[in-house]
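S.K.: Handing you this structure, nothing more for now.
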Amino acid sequence: FFQAEDGIRDKLVTGVQTCALPIFSPDGQQLVFVSTRGKGYANLWTMNLQTRRAKALTTGVWGDFRPAWSPDGTRIAFASNHAPDWDRVPSSDIFVVEAKAGAVPAAIMALMADGGLGWLERKLTRF
């Protein structure tokens with residue numbers, strides 16, 4: 001990922017792990033992204049853009065995708081499938097987790113996760 005500041009491009013993530021779907025927090029101070037660093041599963045990571053430190057937000061043995069920040073920047077919604085055979089089941093659940101390391105995600109609804117996620121008037125909506 002690159003952060004443009006005064007026209008200068010700056011590489012935020014290095015290494016051979018996959019990193020994708022970067023989303024800036026509403027205040028622009030953090031980034032959430034999907035990465036296979038660590039155990040090799042697609043988990044959510046957050047990065048403080050001033051310190052450049054990345055921390056695992058989720059650590060499961062399944063894939064977590066399509067992160068979306070809450071408007072106040074305190075929570076992140078995402079799609080994930082926690083079924084034992086998650087790689088063969090085409091549906092996902094929607095989870096919400098506080099935007100801090102060590103927080104426990106909570107499933108809030110089940111639906112096909114073939115579209116993006118977004119927040120609307122404190123309710124999670126699909127668009």
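S.K.: Pop the C-beta distance of TYR41 and THR74 into the FRET formula with R0 = 35 Å and round what comes out to the nearest 0.05. Could you put the intermediate results ahead of the total?
M.R.: Numbers: r = 25 Å, r/R0 = 0.71.
Once the sixth-power term is evaluated, E becomes 0.90.
S.K.: Go ahead and run the numbers for FRET between THR51 and VAL104, Cβ-Cβ distance against an R0 of 30 Å, rounding to 0.05.
M.R.: Numbers: r = 24 Å, r/R0 = 0.81.
Once the sixth-power term is evaluated, E becomes 0.80.
Laboratory data are not the source of any read-out in this text; all were calculated from the coordinates shown. This is a predicted model, so every value here is computed, not measured. Cβ coordinates were reconstructed from backbone atoms using ideal geometry, including for glycine residues, and neighbour counts include every protein chain displayed.
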